[in-house]
There are 2 protein chains.
Amino acid sequence: MRLRDCKEVLEMSEFNIIGKRVPQKDAVEKSTGAAQYVTDLKLPGMLYGKILRSPYPHASILCIDTTRAKRLPGVKSVITFSDTPQIKFGPLVDDWYILAKDKVRFIGEEVAAVAAVDEDTAREAIELIRVEYEELPAVFTPGEAIQPGAPIINPEYPNNVVSHFKVERGDVEQAFREADLVIGDEFYANQVYQAYMESMACIAQSDGRGHLTLWLPSQVPSKTRMSYAKALGIQPRDIRVIRPHVGGGFGAKMEYDADLICALLATNTGRPVKIVNTRMEDFEAGNPRVPMSFDLRLAFKKDGTLLAKDLKALAGNGGRTVYGPAIMSTACYRIDSLYRIPNLRADGRLVYTNTVPTACFRGFGNAQATFALESLLDMAAHELGIEPAELRIKNSFNNGDTSPHGWFISTSGLADTIEQATQAAGWNDKKRNKTTRRGIGLACTNHVSGNRGFYRPFDGSSAILRVGESGQAVLIQGEAEIGQGQNTVYAMLAAEAAGLRYEDVTVAQVDTLIGPFGLGSFASRGTVLGGQAVIAAGKDAKRKLLAEASSMFNIPVEKLDIREGVVCRLPEQTKMATVAEVASHYMFRQGGCPLTGEGVYVPDTVVPDPVTKIGNISPVYCFATHIAEVEVDTETGQVKVLNYFASHDVGKILNPVGLEGQVEGGVVQGLGWALMEDMVTVNGKVQNPTFLDYRIPGVRDIGKIHVSFVETNDPKGPYGAKGIGEPALNPVTAAVANAIYDAVGVRIKSLPITPEKILAALEHTCML
Amino acid sequence: MRLRDCKEVLEMSEFNIIGKRVPQKDAVEKSTGAAQYVTDLKLPGMLYGKILRSPYPHASILCIDTTRAKRLPGVKSVITFSDTPQIKFGPLVDDWYILAKDKVRFIGEEVAAVAAVDEDTAREAIELIRVEYEELPAVFTPGEAIQPGAPIINPEYPNNVVSHFKVERGDVEQAFREADLVIGDEFYANQVYQAYMESMACIAQSDGRGHLTLWLPSQVPSKTRMSYAKALGIQPRDIRVIRPHVGGGFGAKMEYDADLICALLATNTGRPVKIVNTRMEDFEAGNPRVPMSFDLRLAFKKDGTLLAKDLKALAGNGGRTVYGPAIMSTACYRIDSLYRIPNLRADGRLVYTNTVPTACFRGFGNAQATFALESLLDMAAHELGIEPAELRIKNSFNNGDTSPHGWFISTSGLADTIEQATQAAGWNDKKRNKTTRRGIGLACTNHVSGNRGFYRPFDGSSAILRVGESGQAVLIQGEAEIGQGQNTVYAMLAAEAAGLRYEDVTVAQVDTLIGPFGLGSFASRGTVLGGQAVIAAGKDAKRKLLAEASSMFNIPVEKLDIREGVVCRLPEQTKMATVAEVASHYMFRQGGCPLTGEGVYVPDTVVPDPVTKIGNISPVYCFATHIAEVEVDTETGQVKVLNYFASHDVGKILNPVGLEGQVEGGVVQGLGWALMEDMVTVNGKVQNPTFLDYRIPGVRDIGKIHVSFVETNDPKGPYGAKGIGEPALNPVTAAVANAIYDAVGVRIKSLPITPEKILAALEHTCML
C-alpha cells in the first residue's frame, strides 16, 4: 500500500501501469468462492420458478390444464400464454411470445411456468400441468427447410427463410472466368454450446407499481431492457438490471426468454422469483451457435493473387430468431477485410428449423466463415504450390487500406503475426523435416472491435470515475464484465489516465439505474470502446485533481503531475500531496460531492448502408495467425494437439495476463469445437445435453499453447490497443484442419473433426 | 402517466409540484411490506451473530473462557477483546473498545460475541461462555457521580466529568441584581427510548482483502465509516455502507458498537454475518436520550423584558460517550436564539454513570432545555401577570436579528406561530372561560436546520440527478431517508427544479461506494442542506436539457422552458419534445453517458469558535408554537389530551403531507415523553425493557392534533423552506406541563408527568 515517491514514478517508462502483470480485479473473490452470482443470491420471500417446455419439435397446442398444478400447496402462480402480455417481440425479428401461443416450434419451447415456495414443489407442479398437443410435420435442417413443400414454421416467412443477405462487389463472374485457378468446396460449421460455467439464471422482483428489478448475468444489461420492455408492454425505464458476477457468456447471455417468464411470475406473485436453468435446459433451450454450411469458391492468379470470392451460406435459425440475421451477414462479409479480394459475392440464407433457436457465440459468424475460407486457402496453396503463409501475406490488407465494404483498416498486423507465429512454431523447419503422422497447419483471422451496425441508435461508450475522499476510485460504467477480465483492463486504464494506483481503482458492478447506458459485451468491443471512455474519464479526473492541487498550493497546473496516487511538482520532482488529500479537499469543499471524471467515446464509425452494406463499422480491426501442430493416430483417428501457437495483433499490450488468458481460452474453446464438441440432434432433440455426453476439452486434451503479440499501436485504439475476445477463437478450427491435412493427408471439411471422420477419410484415401 | 400540454404547465402557479399533496415515494413498498430492511436481507452463507453483554453495571473482568462455546457445532467464531484491534475510539471521545477490555461500565456492555449458523446456536454459544467478574462500586446518577469519592468510571476523567460546557455573555450578575423579577427552579428531563420500529441491525461482509461492506439502517452512512475505520484500524475507503430502508432512527442510529462486532465476526469467518438487536437489547444497550437536570434562573423587567438567563445543567453520559458532549452544549446555548436575552450564562456538565450510554434523540439537548425554559417562562408569566403568549412575543427574535452567539436569524416566524396557534386553539376564549380540570398551555421552540459545529471537516450537501433515456430520473445523494419522508421532498425539489414530473424521479438508496459523501440525518438538516443541493442538481440538469433541446431544434435557450417533462417553446407555448426525447438524444449522442445534473450546496455558516462559542451554525432557524389542551382527572391523576395545536414556521411548505406527518409524529412522541415514557433504571438495570412495560402512546392516548404552518420564505432555504424534524417535538413537554398547571394548578417539573406525580402534587396543594 506504500505510495512511491515522485522521482520514482516520474522516471518510470511512458506508462506506470499499462503493460504490467497485475492480478485480475476479481481474482480473490472468484478463487475463494466469495464472488456472488445470480444463483447465489436469495431475496427475502423468494419463490422458485420452473418452466414447462415443449416435448415436441413442432406441434399445435390444443389445450392446457393447470388446475391440478394450481391446487398443489406451495404453488403461488401458474402461467400460460393467456397470462402474458401476448405481445410479439424479439431482439431482431418479432417472432417470440413469452409463452407459446397456439403452437410450439422446438423441443424446449416455453409453454407454461410455475412459481412455488421451493424448487421441488415447482418441479412437481410442472409435472401436474396437462398439455394436449397435436404434432405437426417438422423440419430439422436448413437444407430440408428450404425445399418446396417443407413444413412452414412461421407463416410470415412462407419459405422458412428468415433473412437473406446478399452483397456483391466488382465483377465476380468475369474474375472467375479470367482466373488461373478456381477452387471451391463445401464446408460445415456445426452447432455447438457455449459451455459457460454459470447456466442461464434470473431473479426478478416487482415493486407492485410496474417497476421490475432483474438480477441478470447479462452481457448487455442496458440493451436487454429495450427488448424486455417491448415484450412486457412497459417502458425500458421500468426495468432495472443489476448485474452481479457473471460466470461466462461467450455470446449466449443476451436476451433470454426465461428472464421474461421470471419477470411475469414476480409481477403475479408480488414476490421475488428465481429461475435457474438446469444444465439440461441450458443445452436444450439455450442460445447455441448458428450452424452454417458454406459453398465457397475462390479465384486466383497463378502468383497467388486473390481475384474473387463467391460464398453461398445456409444457416439454421432454430424455431425463433435471436441474432441469426446479424450472424449470417457477418459470416457473409466480415472476412472481406482480411485479404484484398476485388471481386466478391456472398449470398446467405438463414432458415427456420424445428430446433433450438441459435444465437451468438464468440466469433459471431466470422468464426464459421473463417473455418471455410482458411481451409480452402490451405487447399489453394497446395494447388498453387505456394507456401500457405506466403499466400496469406501476399494478399493481406496493410495499414491504411480500406476494404471493399468501406472498412478503414488503420493498422494491420496480419503479416507480422504470420511472421511471429511461423517463427515461434519453427514453421519452415517443421515443414522441411516432416515427421510421419505429425502435421502443422496455419490459419489467419480478422475481427472487429465494436460493430456500429449492431445497435443503430448509438455506438460508443462512457464512464464515470469517482475519486473518493481517501483517494480510492470507483469506475462506474455500463459495459459488462462477464469473466473476460474487462474490469481489470478498465481499472488499469483509469489508473493510468488519472494518475492513480491500480489497487486504488474499483469497478462497480453494472446497475442500469445508476450507471451509463452501456452496449455491453459483444463484437470484442469492451477494450476499445469502453476503454477509450475510461481513459477519457481518467483524464478528466486528473484534470480536476490538478486544478484542485493547483489552487491548494498556488502552483500552475503545468508545473504539476499526478502519478500513482502522488501529486508531484515539476521539474523538482517533489511530492506536494497525495491524491487522497487533494480529493478530500475537493469533496469537503464541495458539500461532499466527490471529484468525478466523465468520459465519453463516440467512434467515427458508420452504420452500414442497408442496401449497399458499405460503412466502416469498427474503429480498429484485429488480426491474428494461429498455427496448430498435431499428431494423428491413424489406428484410432485420435488427434493429439502437440503445440499451439497464437500470434495476435492486439494494437498495444494493456494487460498481458488478461491477453494471454483470453487467447488461451479462445484456443481451448476452438480446439473443443474443432475436435470434439457437437450438439447431436435427432428429430429436433439434443441427444447429448449433459457434460457427460457433450465433451469439452479438459487439461489433457490440449497441447502447450504459445501466445505472442504484435503491437501495431493503432492510433484509434485506447493507448493503441485492439480487441481480443473473438479473434482468439476464430482461426482455431481451420488451423487444426490444416494441420491434420498436413499430418495425414486427409481434409475434413465438416466440424467437429472426430476420429470417426478421420478414420473414414483415411480408409477412403487408402482405397484410392 | 399522461404528459400535460405546454399551456397547462406553463400557466400553473409559480410551482408545478412544490406545495402539492403527493404520495410518499416509498408509501407502497412500506404499506405492502415489500420494503426491505436490514432485518429482511439474507446473504448466501450468512451467519448470525449474538453478543454476550455484561450483567453488572461496573465490574472487573477476571477471565473469559470461550472453550465450550467454540466447541458447539455450528459455531464459526467466538471473539473477546483479544480478538479485536484493541484500539480506543469513539464518535467524540475515545472511550470505546469494540469489546470490553478489563472491565465493564454498564449493564449491557459488550463482552464477547459469537457467529453461528443460526440464531439458536449463537444464543446457545453465548450461554456457554464463562466470564468471571469482580464487581466494583458503581454510581448511577450524575448527582452521585460528581460527589468527591464517587467510584471512578474512566480513569482519564477522575471526577467523572466527561465534558464541561461554559458560556457567558453580558453581565449576568448585574442583570439579576437589577431585575424586577428573578425566578428560578429545578427541572428534570428524564431518559427515554426512541422506540423506532426497526431495532438496531447490521449485516457485515468482508471480501477477504480487508474491504468491508456494511448494510446498515444508518442515519449517517458516510460519516459512520470514519469512526468505524478508526476502530478497526483501517481506512474509511475500506468500508462501504449500503443503506436499505430504515425503520426510524430519531437520533439513535448513528455509531453503534454492535456494527463493529458484526464486522469483526464477518472478517473472522469470511462469511456475511447479521446481528439484529432483540427489543430488550435495544432498550438496555441502545442509544437513549441524555437525561438532564436543570437549575434555571431568569431575570425580567416588570414589563416582561427578559434581562438574563442563568442555566446550570447536569447530564448523565452513561458508561461511555456517544454524542453527549455535543448534546450538553446544545442544551446550554441553542435556546438562546429563541428570545432576546442580553445577559446569559450556562454551565453544563456531562457525567459518567454506570448506566447505558446516552445519545441523540430528536431535539438533541434542545428538547430537554426547552422543557425547563418554557415551563419557567409560564411560571414567570403568572408572576408578572402577563399573558404567556404576550410575554413570548415581547421577547422574540425577529427577522434579521443576530443572537448573542452570532447566529443570524434571517427570518423568524415565532410571533406569527404564536398568533396562528393561539387563534387556532381559541386561546383567549378558553383562557377567559376556563372549565374545571381543563387547562391550556403554550410553549415555543427554536431549532437549527443543520449544524456547522457537528462535523468540522465540512458542512453542506451535494446531489447528482441522472436523467435517463426515457425521461426517468434518479437522484443520487448521500443524505439518509430514515422514514421522515426526505426522499419525497427531494424528488419534489428535483422535479420542480429540473422541469420533470414528480413520478419520474426516483431517489436511489444510499451507497457510499457510488454516491456523494452525505452528512446524513441529524440537526433537522435534510430539507435545507440536502434540499439546496438537490435544487442545484435539478437546475443543472435543466440547463443541460435546455441546451440539448436548443441544439436539436435550433431555437435559442431563452425561448424554451421545461415543465413537468415537456419542452415548450416560448412565447408560443407549443410542445417541442418530451424530456425523454431530449435525454435520449443526449445519451445516444454521448456514448451512452446519461445527462446528469450536479448540485453542490455549501452554506455560509461558521464553525463556532472553540473558546467563545461564537459562530452562525445554521443557514436558517426554525420556530414553532405548540398549545396543549388537557383535562386532568383529579381522582386518578390521569391526563387526557383533548386537543393539540402546533404551528410551525417552516419557511415554505414544500410537502404538506410530509410536514403534517412530521409534526404529528413529533407531537405524539413528545406526548409520550411528557406523560408516560421513562426508562426506569434501578442499580443500572433497566426495569421496563419491553413494549409491555415501557408504554408509548397509542392512538387512544393522543387527542386531536391540529397542525398549521407559517411561511416566512427564508431567502436561505430551499425555495424558502426550513427544517421540521426536531422542532416538532421540542416544545411538547412544556406545553403539556403548562396546560396541566392551567387545569389543576400543579406544576410538575420532572418528566414524565405521571398520574402519581400529579396526585402527589394535588395532595400537597390541598394540604396548603
Worksheet item: On the given criteria, is residue A:157 among the hydroxyl-bearing types (Ser, Thr, Tyr) and in a loop (DSSP other than H, G, I, E, B)?
Response: yes
Worksheet item: Restricting to the range B:247-294, what's the tally of residues that are of a type in the set (Asp, Glu) and touching a Cys at 6+ places or on another chain (Cβ under 6 Å)?
Response: 1
Worksheet entry | In the range B:540-590, residue nearest to residue A:600 (Cα to Cα) [restricted to those that are among the acidic types (Asp, Glu) and outside any strand (DSSP E or B)] | B:548
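Here is a yes/no grid of residues against (1) in a loop (DSSP other than H, G, I, E, B); (2) under 40 Å from the mean Cα position of the chain (by Cα); (3) surrounded by fewer than 23 Cβ atoms within 10 Å (Cβ to Cβ):
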{"residue": "A:600", "(1), (2), (3)": "no, yes, yes"}
{"residue": "A:615", "(1), (2), (3)": "yes, yes, yes"}
{"residue": "A:629", "(1), (2), (3)": "no, yes, no"}
{"residue": "A:645", "(1), (2), (3)": "no, yes, no"}
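Which residue, of A:248, A:184, is surrounded by fewer than 24 Cβ atoms within 10 Å (Cβ to Cβ) and farther than 21 Å from residue A:357 by Cβ? Lay out the reasoning, then the answer.
Details: A:248 fails: farther than 21 Å from residue A:357 by Cβ.
Only one candidate passes the filter, namely A:184.
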Fill in: Close pairs (7 angstrom Cβ cut-off, 6 or more residues apart or separate chains): in the same structural domain as residue B:705 (by TED's automatic domain parsing) and surrounded by 24 or more Cβ atoms within 10 Å (Cβ to Cβ) in the range B:735-757, of a type in the set (Phe, Trp, Tyr) and at pLDDT 95 or above anywhere
B:751/B:188; B:751/B:371; B:751/B:673
Item to complete: Please work out which residue is farthest from residue A:7 (Cα to Cα), limiting yourself to the range A:571-611 and to residues that are free of Cβ contacts under 8 Å to residues at least 40 places away in the same chain and away from chain B (no Cβ under 14 Å).
Response: A:611
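For residues that are of a type in the set (A, V, I, L, M, F, W, C) and closer than 11 Å to residue A:7 by Cα, tally how many sit in the range A:552-566.
Applying the first criterion (of a type in the set (A, V, I, L, M, F, W, C)) to the range A:552-566 yields A:552-553, A:555, A:557, A:560, A:562, A:566.
After this cut, where a residue has to be closer than 11 Å to residue A:7 by Cα as well, the list is A:566.
Number satisfying all stated conditions: 1.
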Practice prompt. Would you check which residues across the range A:199-243 are assigned to a helix (DSSP H, G or I), among the basic types (Lys, Arg) and surrounded by 24 or more Cβ atoms within 10 Å (Cβ to Cβ) and list them?
Written response: A:223, A:225
Item to complete: State yes or no: is residue A:247 within 17 Å of the chain's Cα centre (by Cα) and closer than 30 Å to residue A:373 by Cα?
Response: no
Discussion item. Quick check on my filter: what residues within the range B:40-51 are more than 10 Å from every other protein chain (Cβ to nearest Cβ) and either among the charged types (D, E, K, R) or surrounded by fewer than 17 Cβ atoms within 10 Å (Cβ to Cβ) (or both)?
Written reply: B:50
Item to complete: State all residues of the range B:695-731 that are part of a loop (DSSP other than H, G, I, E, B) and aliphatic (A, V, I, L, M); if no residue qualifies, say none.
Response: B:696, B:702, B:721, B:724, B:728, B:729
Discussion item. Based on this model, can you work out whether residue A:77 counts as in contact with a helix residue (DSSP H, G or I) (Cβ under 8 Å, 6 or more places away or on another chain), crowded, with 17+ Cβ neighbours inside 10 Å, more than 30 Å from residue A:659 (Cβ to Cβ) and among the hydroxyl-bearing types (Ser, Thr, Tyr)?
Written reply: yes
Item to complete: Could you please let me know if residue B:623 is within 18 Å of residue B:364 (Cα to Cα), assigned to a strand (DSSP E or B) and among the hydrophobic types (A, V, I, L, M, F, W, C)?
Response: yes
Worksheet item: Can you tell me which of A:537, A:523 is touching a residue at least 60 places away in the same chain (Cβ under 8 Å), assigned to a loop (DSSP other than H, G, I, E, B), of a type in the set (A, V, I, L, M, F, W, C) and out of contact with any helix residue (DSSP H, G or I) (no Cβ under 6 Å at 6 or more places or on another chain)?
Response: A:523
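Listed here are the residues, each with its yes/no results for (1) within 28 Å of the chain's Cα centre (by Cα); (2) away from chain B (no Cβ under 14 Å).
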{"site": "A:10", "(1), (2)": "no, yes"}
{"site": "A:38", "(1), (2)": "yes, no"}
{"site": "A:53", "(1), (2)": "yes, yes"}
{"site": "A:62", "(1), (2)": "no, yes"}
Worksheet item: Does at least one position in the range A:151-170 carry a residue that is surrounded by fewer than 17 Cβ atoms within 10 Å (Cβ to Cβ) and either on the phi > 0 side of the Ramachandran plot or in the same structural domain as residue A:61 (by TED's automatic domain parsing) (or both)?
Response: yes
Fill in: Within the range B:40-90, tally of residues that are at pLDDT below 95, under 22 Å from residue B:277 (Cβ atoms) and not basic (Lys, Arg)
3
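Condition test on residue B:716, is it of a type in the set (Lys, Arg), under 20 Å from residue B:374 (Cα atoms) and in contact (Cβ under 8 Å) with a residue 24 or more places away in the chain?
Spelling it out, it is not the case that residue B:716 is of a type in the set (Lys, Arg), under 20 Å from residue B:374 (Cα atoms) and in contact (Cβ under 8 Å) with a residue 24 or more places away in the chain.
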Worksheet item: Could we say that residue A:503 is among the charged types (D, E, K, R), crowded, with 24+ Cβ neighbours inside 10 Å and under 23 Å from residue A:721 (Cβ atoms) here?
Response: no
Worksheet entry | the range B:527-550, residues that are away from chain A (no Cβ under 13 Å) and closer than 24 Å to residue B:448 by Cα | B:527
Practice prompt. Mind listing whichever residues of the range B:487-539 are under 21 Å from residue B:603 (Cα atoms) and hydroxyl-bearing (Ser, Thr, Tyr)?
Written response: B:490, B:521, B:524, B:527
Practice prompt. Only one of these is within 14 Å of another protein chain (Cβ to nearest Cβ) and either small (Gly, Ala, Ser) or assigned to a helix (DSSP H, G or I) (or both): B:479, B:503, B:419, B:469. Name it.
Written response: B:503
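Name the single residue, out of those in the range A:422-466 being part of a loop (DSSP other than H, G, I, E, B) and more than 30 Å from residue A:538 (Cβ to Cβ), that is nearest to the other protein chains (Cβ to nearest Cβ). Give the steps one after another, and end with the answer.
Within the range A:422-466, the first condition is being part of a loop (DSSP other than H, G, I, E, B), and the residues that meet it are A:426, A:433-437, A:449-460.
Filter once more, so that each one left must be more than 30 Å from residue A:538 (Cβ to Cβ): A:426, A:433-437.
Values: A:426: 43, A:433: 52, A:434: 52, A:435: 50, A:436: 53, A:437: 49 Å.
Checked the range A:422-466; the qualifying residue nearest to the other protein chains (Cβ to nearest Cβ) is A:426.
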Discussion item. Quick check on the range A:80-116: of everything there that is of a type in the set (Phe, Trp, Tyr) and either in contact with a Gly (Cβ under 9 Å, 6 or more places away or on another chain) or part of a helix (DSSP H, G or I) (or both), which residue is surrounded by the fewest Cβ atoms within 10 Å (Cβ to Cβ)?
Written reply: A:81
Worksheet item: For residue B:274, which of the numbered conditions (1) more than 14 Å from chain A (Cβ to nearest Cβ); (2) of a type in the set (D, E, K, R); (3) in contact with a strand residue (DSSP E or B) (Cβ under 7 Å, 6 or more places away or on another chain) fails to hold?
Response: (1)
Worksheet entry | Residues satisfying the stated conditions in the range A:207-253, i.e. in contact (Cβ under 8 Å) with a residue 60 or more places away in the chain, away from chain B (no Cβ under 13 Å) and touching a helix residue (DSSP H, G or I) at 6+ places or on another chain (Cβ under 7 Å) | A:216, A:217, A:218, A:231, A:232, A:243
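The values are calculated or read from the model by the stated rules, or taken from the named source; none is laboratory data. These numbers were taken from a predicted model, which means no experiment stands behind them. Cβ: placed from backbone, ideal geometry, glycine included. Neighbour counts: every protein chain shown.
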